[in-house]
Amino acid sequence: MGIDQGWMYSLLLKLPPEIAHAVALKGLKALHRLHLYQGSNPGPSVLQRTVMGLTFPNPVGLAAGLDKNGDYIDALASLGFGFLEIGTVTPQPQSGNPKPRLFRLPEAHALINRMGFNNKGVDYLVDRVSTARYQGILGINIGKNKTTPAERAVDDYIYCLRKVYPYASYITINISSPNTQGLRQLQFGEELDRLLQALKFEQRELEQHYQCYKPIVVKLSPDLSLDEIRDIAGKLLLNNIDGVIACNTTVGREGVEKNPLAQEAGGLSGQPLTTKNRKVMETLVTALQQKIPVIGVGGITTREDMEAAFNVGAELVQVYTALIYQGPGLIGKLLKA
Ligand SMILES: Cc1cc2nc3c(=O)[nH]c(=O)nc-3n(C[C@H](O)[C@H](O)[C@H](O)COP(=O)(O)O)c2cc1C
């Protein structure tokens, strides 16, 4: 059943964006439950790749932020992704920024969001994950609560890491959302050192406790200078971080300057990010000396974009905004031989 085609999909794009996302996810879940949506499988074994010790059935994943609470894991898995990333989740539930906080810029195939980590808290997410049937690769993306002061941010990440460790295939440390004040500061200097050391220490403890190693992946911003990227890469190497996701949304407005919605505060995603992110990926891959894998995300809208990400050295990719504009058919298009 092709739910990406036809009137149903164009109707969705006429609804206010946050409502459309909710309706689409709820609809997908209902269709999946009623076995009315067959979905697609992750494709032939030739697409498989092993990264961070995990075997991915194909290299195209769902980026964080669409399923913040793990409410739609089985339905999203049926779309044929090679892996899913849920979250960002914080220790305590929080409502995020006031609405409207999500804006569509269709001419640019872009979105601007300032959701602000609206989520139901880590205990809720863990409960959802433990009742899901999905057996594939699941990344869980963690962050800090808005009300946690910057000097106690590490505590929030450690709290979430402990909670999600047994349920995740890998854990993503989100220090790059532009919508939580001060969060991006964790990408620099001593603050980054302290965070990475604490995470690695806790990872070793949890590995011993559960007798199972779970990779830690750091998600970066595309708004870093090339020098900052090299600096961060040095710290990631020093601390034996397992993977990097490049990138989150940008506070830049290149490519959408003339759109009145460009003045809305928040992170820009989608097509305007394609070239900028490729440069970040390329710089990171070189700086990381291919010792730490890079997962490319940001403006991957076509098979050519995906191949370009692989050509600059990304080992996996994720999508979000292109899925909103192109529907679930995007995954098949990216994976078609
Ligand atoms: C509405 C929205 C919410 C997002 N929420 C999160 C989030 O909670 N955590 C996160 O790490 N990234 C979040 N992202 C960023 C995406 O995961 C991705 O990094 C970014 O959108 C670039 O990819 P794209 O161009 O394919 O959308 C969000 C993006 C959008 C559009």
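Among all residue pairs at least 6 apart or on different chains, which show Cβ distances below 6 Å where the first residue, located in the stretch 256-275, is closer than 17 Å to PRO222 by Cβ and the second is in a helix (DSSP H, G or I) and away from the ligand (no atom under 12 Å from the Cβ)?
VAL256/ALA262
Against the condition at pLDDT 95 or above and touching a Gly at 6+ places or on another chain (Cβ under 7 Å), how does GLY80 come out, does it pass? Full working, then the answer.
Working: at pLDDT 95 or above: yes; touching a Gly at 6+ places or on another chain (Cβ under 7 Å): yes.
For GLY80, the condition - at pLDDT 95 or above and touching a Gly at 6+ places or on another chain (Cβ under 7 Å) - is met.
In the stretch 96-126, what residues are part of a loop (DSSP other than H, G, I, E, B), within 14 Å of the ligand (Cβ to nearest atom), more than 23 Å from VAL218 (Cβ to Cβ) and not basic (Lys, Arg)?
From the stretch 96-126, those part of a loop (DSSP other than H, G, I, E, B) are 96-101, 109, 114-118, 120-121; that's our starting set.
In the following step, the residues that additionally are within 14 Å of the ligand (Cβ to nearest atom) were identified as 96-97, 99-101, 109, 114-118, 120-121.
Next, from what is left, pick out any that are more than 23 Å from VAL218 (Cβ to Cβ): 97, 99-101, 109, 120.
Matches in the stretch 96-126: ASN97, PRO100, HIS109.
May I ask you to say which residue of GLY61, GLY65 is surrounded by 20 or more Cβ atoms within 10 Å (Cβ to Cβ), modelled with pLDDT of 95 or more and touching a Leu at 6+ places or on another chain (Cβ under 7 Å)? Reasoning before the result, please.
Working: GLY65 fails: touching a Leu at 6+ places or on another chain (Cβ under 7 Å).
Unique residue meeting the criteria: GLY61.
Listed residues GLU254, GLU307; which is surrounded by fewer than 16 Cβ atoms within 10 Å (Cβ to Cβ) and either within 14 Å of the ligand (Cβ to nearest atom) or β-branched (Val, Ile, Thr) (or both)?
Sole residue among the options that is surrounded by fewer than 16 Cβ atoms within 10 Å (Cβ to Cβ) and either within 14 Å of the ligand (Cβ to nearest atom) or β-branched (Val, Ile, Thr) (or both): GLU254.
To keep it simple, each residue is scored yes or no on (1) within 15 Å of the ligand (Cβ to nearest atom); (2) part of a helix (DSSP H, G or I); (3) within 26 Å of LEU84 (Cβ to Cβ); (4) hydroxyl-bearing (Ser, Thr, Tyr).
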| site | (1), (2), (3), (4) |
| --- | --- |
| THR180 | yes, no, yes, yes |
| LEU186 | yes, yes, yes, no |
| GLU191 | no, yes, no, no |
| LEU199 | no, yes, yes, no |
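What is the number of the single condition among (1) farther than 14 Å from LEU323 by Cβ; (2) in a helix (DSSP H, G or I) that LEU28 does not meet?
Unmet condition: (1).
Mind counting the residues in the stretch 287-337 that are among the hydroxyl-bearing types (Ser, Thr, Tyr) and touching a Cys at 6+ places or on another chain (Cβ under 9 Å)?
We begin by selecting, within the stretch 287-337, every residue among the hydroxyl-bearing types (Ser, Thr, Tyr); these are 301-302, 320-321, 325.
Add one more test, that the residue is touching a Cys at 6+ places or on another chain (Cβ under 9 Å), and what stays is none.
Result for the stretch 287-337: 0.
Going by the conditions given, is PRO106 in contact with a Phe, Trp or Tyr (Cβ under 8 Å, 6 or more places away or on another chain) and not polar (S, T, N, Q)?
Numbers: in contact with a Phe, Trp or Tyr (Cβ under 8 Å, 6 or more places away or on another chain): yes; not polar (S, T, N, Q): yes.
Against the criterion (in contact with a Phe, Trp or Tyr (Cβ under 8 Å, 6 or more places away or on another chain) and not polar (S, T, N, Q)), PRO106 qualifies.
What pairs come out if I take residues in the stretch 209-224 that are over 23 Å from LYS163 (Cα atoms) and pair them with residues that are of a type in the set (Gly, Ala, Ser) and assigned to a loop (DSSP other than H, G, I, E, B) whose C-beta lies under 8 Å away, six or more apart or interchain?
SER221/SER176; PRO222/GLY252; PRO222/GLY298; ASP223/GLY252
Report the residue count in the stretch 127-168 for those that are charged (D, E, K, R), part of a loop (DSSP other than H, G, I, E, B) and surrounded by fewer than 23 Cβ atoms within 10 Å (Cβ to Cβ).
Qualifying residue count, the stretch 127-168: 2.
Go over the candidates ALA75, ALA20 one by one and state the one that is in contact with a helix residue (DSSP H, G or I) (Cβ under 6 Å, 6 or more places away or on another chain), at pLDDT 95 or above and part of a helix (DSSP H, G or I).
After applying the criteria, what remains is ALA75.
Pairs please, first residue from the stretch 86-106 and of a type in the set (Lys, Arg), second anywhere and in a strand (DSSP E or B), Cβ atoms under 9 Å, 6+ apart in sequence or on different chains.
Pairs found: ARG101/ASN113; ARG104/ALA110; ARG104/LEU111; ARG104/ILE112.
Consider GLY182 against the criteria (1) at positive phi; (2) free of Cβ contacts under 8 Å to residues at least 12 places away in the same chain: it satisfies all of them except one. Which criterion is unmet?
Single failed check for GLY182: (2).
Taking the condition of being surrounded by fewer than 23 Cβ atoms within 10 Å (Cβ to Cβ) and either assigned to a helix (DSSP H, G or I) or away from the ligand (no atom under 11 Å from the Cβ) (or both), how many residues in the stretch 310-321 meet it?
So the count comes out to 5.
Go through the stretch 215-240 and report how many residues are part of a helix (DSSP H, G or I) and not β-branched (Val, Ile, Thr).
Step one: list which residues in the stretch 215-240 are part of a helix (DSSP H, G or I), which gives 226-238.
From what is left, the residues that are not β-branched (Val, Ile, Thr) are 226-228, 230-231, 233-238.
Within the stretch 215-240, residues that are part of a helix (DSSP H, G or I) and not β-branched (Val, Ile, Thr) number 11.
Please find, within the stretch 44-78, the residue that is farthest from the ligand (Cβ to nearest atom) out of those that are in contact with a Ser or Thr (Cβ under 7 Å, 6 or more places away or on another chain) and hydrophobic (A, V, I, L, M, F, W, C).
LEU54
Closer than 18 Å to GLY298 by Cβ, in contact with a Gly (Cβ under 9 Å, 6 or more places away or on another chain) and crowded, with 22+ Cβ neighbours inside 10 Å: which single residue out of ILE245, ILE229 fits that description? I'd like the intermediate steps shown before the answer.
On the way: ILE229 fails: in contact with a Gly (Cβ under 9 Å, 6 or more places away or on another chain).
Testing whether each residue is closer than 18 Å to GLY298 by Cβ, in contact with a Gly (Cβ under 9 Å, 6 or more places away or on another chain) and crowded, with 22+ Cβ neighbours inside 10 Å leaves just ILE245.
Take the stretch 170-201 and flag every residue that is within 28 Å of VAL129 (Cα to Cα), more than 16 Å from the chain's Cα centre (by Cα) and aromatic (Phe, Trp, Tyr).
Within the stretch 170-201, PHE201 is the sole residue that qualifies.
The values are calculated or read from the model by the stated rules, or taken from the named source; none is laboratory data. Treat the numbers as computed from the prediction; the structure is a model and nothing was measured. Cβ atoms come from the backbone with ideal geometry, glycine included; neighbour counts cover every protein chain shown.
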